[in-house]
1. Conditions first: (1) out of contact with any helix residue (DSSP H, G or I) (no Cβ under 8 Å at 6 or more places or on another chain); (2) under 23 Å from Ile9 (Cα atoms); (3) part of a helix (DSSP H, G or I). Val36 passes all but one, so which condition is the exception?
2. Does Ile81 satisfy the condition of being assigned to a strand (DSSP E or B) and either at negative phi or open to solvent by 70 Å² or more (accessible area, probe 1.4 Å) (or both)?
3. Being open to solvent by less than 30 Å² (accessible area, probe 1.4 Å), among the β-branched types (Val, Ile, Thr) and within 22 Å of Arg84 (Cβ to Cβ) is the filter here, so list the residues in region 1-60 that pass it.
4. Only residues that are touching a residue at least 40 places away in the same chain (Cβ under 8 Å) and closer than 15 Å to Cys73 by Cα: list them for region 33-62, please.
Amino acid sequence: MSQEIGYEISDQTIRYVIDETVYPLDAIYGASYLFVDRCFLFFGRAEDQKIEIHMKKRTDGGESLDELLGQFCNELLNQVIRFRLAESTAKIREYYMARAFLSHPAQNSIDSLLAELDAEELEDDELEISVPWEQGDG
């Protein structure tokens, strides 16, 4: 499914409408977030399942509004792909995380780390960085 984003430019502002059935809202927000340092973004509901965005440049220099919109559309596609990959691999990630937590109980890991620290002998400090508890002369 493809959709060209129609837009209007007026007074250093660009207005466009994005269809949420093509681009999920999370992808729209993700792409928008990456542009907040370059422009002001204002969101509104154009109609059901359509987001209206007004983009106004923060400064007069730099890229044109057409270039900003092109970069936004590319980032929007990137965010859609990331969103769909995250959805399709969610079960696999959940499985690996559950497996990692179940195979190594946290208490055993903490106990083994504490035992390792107790067994370790402190050597002379080559960098001569003083440790507060070693300055007990005062």
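The values are calculated or read from the model by the stated rules, or taken from the named source; none is laboratory data. Just so you know, these numbers come straight off a predicted model, no measurement behind them. Note that we place each Cβ from the backbone using ideal geometry, even for glycine, and neighbour counts take in every protein chain shown. For accessibility, only protein heavy atoms count, side chains too; no ligands or nucleic acids. Shrake-Rupley method; radii C 1.70, N 1.55, O 1.52, S 1.80 Å.
1. (3)
2. No.
3. Ile5, Ile18, Val22, Ile28, Ile51, Ile53 - these are the residues of region 1-60 that are open to solvent by less than 30 Å² (accessible area, probe 1.4 Å), among the β-branched types (Val, Ile, Thr) and within 22 Å of Arg84 (Cβ to Cβ).
4. Passing the criteria: Leu34, Phe35, His54, Met55.
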